[in-house]
Amino acid sequence: MILSWCLVLVTFTSTTFGTNPGVQVRLTQKGLEYGRQLGITSLQQKLGSVTIPDFSGSQSVSPIGNVKYSLTNINLVNVGLPKSALDLVPGTGVRLSIGDAFMNLHGDWRVKYLYVIKDSGSFDVNVNGLSITTSIAVSSDETGRPAVDVANCAASVASADVKFHGGASWLYNLFSKFIDKALRDALQEQICPLVVKAVADLNPTLRTLNVLAKVDKYAEIEYSMVSSPIVTASSLDLSLKGEFYNIGKHREPPFSPAAFSLPPQTDNMVYIALSAFTPSSAGFVYNKAGVMSLYITDDMVPKESPVRLNTNTFGVFIPQIKKQFPGLMMKLLLKTLDNPTITFQPKNATVEVNGTMTAYAVQPNGTLSPLFVLNMESSVSSDVFVSGLNFAGRVSLNRMKLTLATSYVGLFQVSTLNSIFQTVLKVVVIPVVNVQLAKGYPLPALGKMNLVNPQVQMMKDYMLIGTDVTFTA
Ligand SMILES: *[C@@H]1O[C@H](CO)[C@@H](O)[C@H](O)[C@H]1NC(C)=O
Ligand SMILES: *[C@@H]1O[C@H](CO)[C@@H](O)[C@H](O)[C@H]1NC(C)=O
Ligand SMILES: *[C@@H]1O[C@H](CO)[C@@H](O)[C@H](O)[C@H]1NC(C)=O
């Protein structure tokens, strides 16, 4: 029915068996910086849940004797993470370093001594120079999605200043050491677990990667990772399969992805590179699904076109048609043969496809009488663009070559039909293909991700989409 493939496209350069990715995704320093901002916001919220337990006891203080004390209602008033960095650790993952962080706490104190004397007041604590260093490993989970995990975490506090309100100054010395210890213990116990939780909370988002993205009723694209993420000094790279499959029937095509490597571009947060293998695998799928064929009838030809699909028009070029089938409408069947060949070159994506064009006369009772079959070699160029989270295409005809395969109406000069079939391709077939291609094909993406100002560049053997991203809450 429909020539869905087209975008689909291209080379048969098979290299190592099945291990090269069809698609690569690169997160740059700029992307990491955006990740840091999101991560710090989330961590700051998590640290807001730090709690310092009440504590109480008694202590002998000379010359007063036994002092019973309690410190209660210790609340975190404020947390600040003014300085942080997220750095790539080649071969491993990323390191999050937080320095000069601070926390402000407020609490109440109460004492009882010399059996009858009671006193109470409040206190404020400023925790300064809090630093947290954590290594985050980036790996691939069992579903082929990226996953993060804290490999190690260390937290330390430089100083804690306690300011008391009310009470006698000798009490301050007593409390200060308790508070200092309680605080360090609490922070030690709570900060790294909160960091681990903040990092683990990224995994549900990473698990929204569309490792199997539905395209239409025939096809889906697999975007699972084919190898572990590669972390270099300047980027984090994911190698994805990037292969179209028949829904439910995963059959490998007789070609595999060629190796390709991304250029050292850094302007965008993310680069998505789709090799020609990805559209080629689509061509394979749609061809196998038998949907790369199209019946063309006269009502599909624009009214203003002088070319009409009837035996009168064709009879001008092939008189036998007018003689044998006078005054009948015609119908054409365009069918592709084999897989299209898709080639990505700098600034140009080309799809070459061979097919047959069968012409029929439509008898008054609906029977189709075959007139002739032509072999058609055609080449189209495609513009590729990004629409939402899809890539889409628009093709235009480069050239077409017709040769006669079979004639039921005697010999004739095929070249006399060139302009009719050029017109049919341009005004009927290509618009039908373009409607299909405009629907788009899902890119690898996380849920709630939006692409900002994506730019497509055609490179040798792959197309590169450079984009910034945002996440909607
Ligand atoms: C792309 O390449 C094809 C094949 O080489 C050529 O026919 C076509 O004109 C080129 N298109 C553009 C826009 O350069
Ligand atoms: C189309 O047919 C020609 C001639 O047989 C051949 O050279 C070419 O490789 C074919 N192209 C495709 C895409 O099958
Ligand atoms: C339809 O009409 C054609 C031409 O008149 C004739 O050859 C054919 O047998 C008819 N078919 C049917 C199913 O009536």
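Structure above, values below:
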{"read-out": "Listing of helices (runs of 4 or more DSSP H) fully contained in region 273-390 that carry 3 or more residues being within 31 Å of the chain's Cα centre (by Cα) and away from ligand 1 (no atom under 16 Å from the Cβ)", "value": "277-288"}
{"read-out": "Flag for A361 being of a type in the set (A, V, I, L, M, F, W, C) and over 30 Å from A273 (Cα atoms)", "value": "yes"}
{"read-out": "Filter result for the condition that a residue is touching a helix residue (DSSP H, G or I) at 6+ places or on another chain (Cβ under 8 Å) and in the same structural domain as G93 (by TED's automatic domain parsing), over D267, D180, D185, D201", "value": "D201"}
{"read-out": "Odd one out for Y115, checked against (1) on the phi > 0 side of the Ramachandran plot; (2) in contact with a strand residue (DSSP E or B) (Cβ under 8 Å, 6 or more places away or on another chain)", "value": "(2)"}
{"read-out": "Some residue of region 323-334 being within 28 Å of S281 (Cα to Cα) and within 16 Å of ligand 2 (Cβ to nearest atom)", "value": "yes"}
{"read-out": "Members of region 354-370 found to be within 16 Å of ligand 3 (Cβ to nearest atom) and out of contact with any helix residue (DSSP H, G or I) (no Cβ under 7 Å at 6 or more places or on another chain), listed by number", "value": "Y360, V362, Q363, P364, N365, G366, T367, L368, S369, P370"}
{"read-out": "Hits in region 241-265 - residues which are part of a loop (DSSP other than H, G, I, E, B), in contact (Cβ under 8 Å) with a residue 60 or more places away in the chain and surrounded by 15 or more Cβ atoms within 10 Å (Cβ to Cβ)", "value": "K241, G242, P253, F255, S256, P257, A258, F260, L262"}
{"read-out": "Enumeration of residues in region 300-312 that are surrounded by 17 or more Cβ atoms within 10 Å (Cβ to Cβ) and within 14 Å of F421 (Cα to Cα)", "value": "V301, V307, L309, N310"}
{"read-out": "Lone qualifier among V351, V316, V373 - being free of Cβ contacts under 8 Å to residues at least 24 places away in the same chain and either within 30 Å of P263 (Cβ to Cβ) or more than 16 Å from ligand 3 (Cβ to nearest atom) (or both)", "value": "V316"}
{"read-out": "Boolean, G99 is surrounded by 14 or more Cβ atoms within 10 Å (Cβ to Cβ) and touching a Ser or Thr at 6+ places or on another chain (Cβ under 6 Å)", "value": "yes"}
{"read-out": "Filter result (part of a strand (DSSP E or B) and in contact (Cβ under 8 Å) with a residue 40 or more places away in the chain) within region 405-449", "value": "A405, Y441, P442, M449"}
{"read-out": "Residues of region 153-183 satisfying the condition of being under 17 Å from D54 (Cβ atoms) and within 42 Å of the chain's Cα centre (by Cα)", "value": "none"}
{"read-out": "For G393: the one exception among (1) out of contact with any helix residue (DSSP H, G or I) (no Cβ under 8 Å at 6 or more places or on another chain); (2) away from ligand 2 (no atom under 16 Å from the Cβ)", "value": "(1)"}
{"read-out": "Checklist (1) without any contact (Cβ under 8 Å) to a residue 12 or more places away in the chain; (2) away from ligand 3 (no atom under 16 Å from the Cβ) applied to K323, failing item", "value": "(2)"}
{"read-out": "Subset of region 224-240 (residues that are among the small types (G, A, S), assigned to a loop (DSSP other than H, G, I, E, B) and farther than 20 Å from T208 by Cα)", "value": "A233, S234"}
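The values are calculated or read from the model by the stated rules, or taken from the named source; none is laboratory data. Note that the structure is predicted; figures quoted are calculated from it, not measured. Reconstructed Cβ throughout: ideal geometry from the backbone, glycine too, with neighbour counts over all protein chains shown.
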